[in-house]
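The values are calculated or read from the model by the stated rules, or taken from the named source; none is laboratory data. Remember, it's a predicted structure, so these values are computed and weren't measured experimentally. Virtual Cβ from ideal backbone geometry, glycine too; neighbours counted across all protein chains shown. Calculation scope for accessible area: heavy atoms of the full protein, side chains included, ligands and nucleic acids excluded. Shrake-Rupley method; radii C 1.70, N 1.55, O 1.52, S 1.80 Å.
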Amino acid sequence: MRSLPPLNALKSFEASGRHLNFRLAADELGVTQGAVAQQVRGLEDLLGVKLFNRQPRGLALTDEGRSYLPTIRRAFDLINEATENLAPKEKVITISATPSFAARWLVPRLGQFAEDHPEIRLRLDASNHLANFQSDGVDIAIRQGWPPFGHGLQTERLFANELIPVCHPDLIGSGEPIEEPKDLLKHTLLEDAHGQWPLFLDTFLDHQSESSARMMRFSQTSLAIDAALAGQGIALISRALVASELAQYRLQQAIALSLPTQNGYFVVTPRTPRQKALTNLVRNWLMDQC
């Protein structure tokens with residue numbers, strides 16, 4: 001029977017050896033810095049050798065650590081390769097996104113992905129619930145906000161969030177013209193769950209504007225867009241989510257004003273994905289769409 005060190009201790013050593021930093025290794029493994037340091041100390045005690053020199057700004061491998069690390073890394077690579085070879089032939093990546101983002105931005109692009117990568121099946125989880133990546137099978141999440149989104153996660157900005165007022169072309173053509181910001185108040189303002197109209201009005205008018213505005217509120221951004229398409233008022237929407245409707249003249253920007261916000265749309269993945277190669281491929285494809 002083989003006498004092997006604990007797997008978690010080896011993982012902590014390998015990650016710490018790559019980063020030469022307990023904190024960065026902990027972020028990758030999704031545990032605390034103290035847990036990584038404790039695992040490494042336990043491994044050193046078990047082996048009877050010192051693997052790292054602890055320094056004020058990080059770690060330095062000892063001679064024993066430099067000798068041990070490449071072999072442990074190759075062992076993990078072999079385990080990963082053997083596991084991937086056992087995986088089902090069908091390659092599936094699950095993307096989590098809010099229903100409105102999925103419907104307005106992601107779904108229209110999935111056909112092209114299927115043509116470019118017929119060997120990969122994308123599964124879309126359209127939900128407002130935050131993915132935890134450990135128990136729900138999600139590989140990639142797209143979320144609006146501002147990082148950090150959680151421990152052990154990495155983020156890349158998909159695009160900035162620029163809000164613009166949009167409406168059906170007939171709403172302005174046959175109704176009250178909109179020539180300056182105060183003319184927006186002559187129309188019904190369609191509010192989604194993010195509630196950005198008060199900020200927009202305060203930015204371009206005055207703090208009393210909201211009290212005189214006629215508001216129609218919706219629980220989802222997609223519903224506010226549908227209401228705008230139906231000519232029911234003016235919606236304040238991220239430009240990226242209505243780019244197609246603007247290009248097809250199904251919607252138009254009501255007035256040449258926009259409001260950049262600090263919270264953008266981000267691609268969120270675990271630092272150590274279950275399917276590293278596939279996750280990276282899909283993440284890169286998402287980034288290329290912008």
Exercise. Output the number of the condition that T272 fails; it satisfies all remaining conditions of (1) β-branched (V, I, T); (2) surrounded by fewer than 19 Cβ atoms within 10 Å (Cβ to Cβ); (3) in a helix (DSSP H, G or I).
Key: (3)
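Can you pull out every residue in segment 242-251 that is open to solvent by 30 Å² or more (accessible area, probe 1.4 Å) and assigned to a loop (DSSP other than H, G, I, E, B)? Please lay out each step first, then the result.
Residues of segment 242-251 open to solvent by 30 Å² or more (accessible area, probe 1.4 Å): 243-244, 246-250.
Across segment 242-251, the qualifying residues are Q248, Y249, R250.
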Quiz prompt | Sole exception among (1) β-branched (V, I, T); (2) surrounded by 16 or more Cβ atoms within 10 Å (Cβ to Cβ); (3) not in a strand (DSSP E or B) for T83, by number | solution = (2)
Practice problem: Any residue in segment 9-22 that's within 15 Å of R41 (Cβ to Cβ) and among the β-branched types (V, I, T): show its pairings with residues that are open to solvent by 10 Å² or more (accessible area, probe 1.4 Å) and modelled with pLDDT under 95 at Cβ separation under 6 Å, as long as the two are six or more apart or on different chains. | Solution: none
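If you take the residues in segment 139-150 that are open to solvent by less than 30 Å² (accessible area, probe 1.4 Å) and in a strand (DSSP E or B), which one is farthest from G264 (Cα to Cα)?
Within segment 139-150, the subset open to solvent by less than 30 Å² (accessible area, probe 1.4 Å) is 139-143, 145.
Subsequent filtering for residues that are in a strand (DSSP E or B) retains 140-143, 145.
Details: I140: 16, A141: 14, I142: 10, R143: 8, G145: 6 Å.
Taking the candidates together, the pick is I140.
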Exercise. Determine the pairs where a residue that is among the polar types (S, T, N, Q), located within segment 269-289, has a partner that is open to solvent by 60 Å² or more (accessible area, probe 1.4 Å) and not in a helix (DSSP H, G or I) with Cβ atoms under 7 Å apart, the partner being 6 or more residues away or on another chain.
Key: T269/Q154
Quiz prompt | Residue list for segment 151-195, filter: surrounded by 13 or more Cβ atoms within 10 Å (Cβ to Cβ), part of a loop (DSSP other than H, G, I, E, B) and acidic (D, E) | solution = D192
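From the list P147, P118, which residue is touching a residue at least 60 places away in the same chain (Cβ under 8 Å) and not acidic (D, E)?
Working: P118 fails: touching a residue at least 60 places away in the same chain (Cβ under 8 Å).
On inspection, the qualifying residue turns out to be P147.
So that you can scan it fast, the table gives a plain yes or no per residue for (1) open to solvent by 20 Å² or more (accessible area, probe 1.4 Å); (2) in contact with a helix residue (DSSP H, G or I) (Cβ under 9 Å, 6 or more places away or on another chain); (3) over 27 Å from W146 (Cβ atoms); (4) small (G, A, S):
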| site | (1), (2), (3), (4) |
| --- | --- |
| F200 | no, yes, no, no |
| L205 | yes, yes, no, no |
| R217 | yes, yes, no, no |
| D226 | yes, no, yes, no |
| L229 | yes, yes, yes, no |
| A235 | no, yes, no, yes |
| Q253 | yes, yes, no, no |
| P260 | yes, no, no, no |
| V268 | no, no, no, no |
Quiz item: In segment 52-62, which residues are more than 36 Å from the chain's Cα centre (by Cα) and either outside any strand (DSSP E or B) or surrounded by 19 or more Cβ atoms within 10 Å (Cβ to Cβ) (or both)?
Solution: T62
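One line per residue, one yes/no per condition, for (1) within 14 Å of L59 (Cβ to Cβ); (2) surrounded by 17 or more Cβ atoms within 10 Å (Cβ to Cβ); (3) hydroxyl-bearing (S, T, Y):
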site: P5; (1), (2), (3): no, no, no
site: E14; (1), (2), (3): yes, yes, no
site: G17; (1), (2), (3): yes, yes, no
site: L24; (1), (2), (3): yes, yes, no
site: L29; (1), (2), (3): no, yes, no
site: G34; (1), (2), (3): no, no, no
site: A37; (1), (2), (3): yes, yes, no
site: V40; (1), (2), (3): yes, yes, no
site: E44; (1), (2), (3): yes, yes, no
Self-check item: Any pair with Cβ under 7 angstrom, 6 or more apart, that starts in segment 48-62 at a residue that is aromatic (F, W, Y) and ends at one that is modelled with pLDDT under 95 and loosely packed, with under 14 Cβ neighbours inside 10 Å
Solution: F52/A60
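Confirm whether R109 is basic (K, R) and more than 22 Å from A243 (Cα to Cα). Give the steps one after another, and end with the answer.
Numbers: basic (K, R): yes; more than 22 Å from A243 (Cα to Cα): no.
For R109, the condition - basic (K, R) and more than 22 Å from A243 (Cα to Cα) - is not met.
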Practice problem: Working only within segment 86-134, note down all residues that are open to solvent by 80 Å² or more (accessible area, probe 1.4 Å), assigned to a strand (DSSP E or B) and either farther than 21 Å from T155 by Cα or of a type in the set (G, A, S) (or both). | Solution: K91, R121
Quiz item: Of all residues in segment 153-196, which are modelled with pLDDT of 85 or more and hydroxyl-bearing (S, T, Y)?
Solution: T155, T188
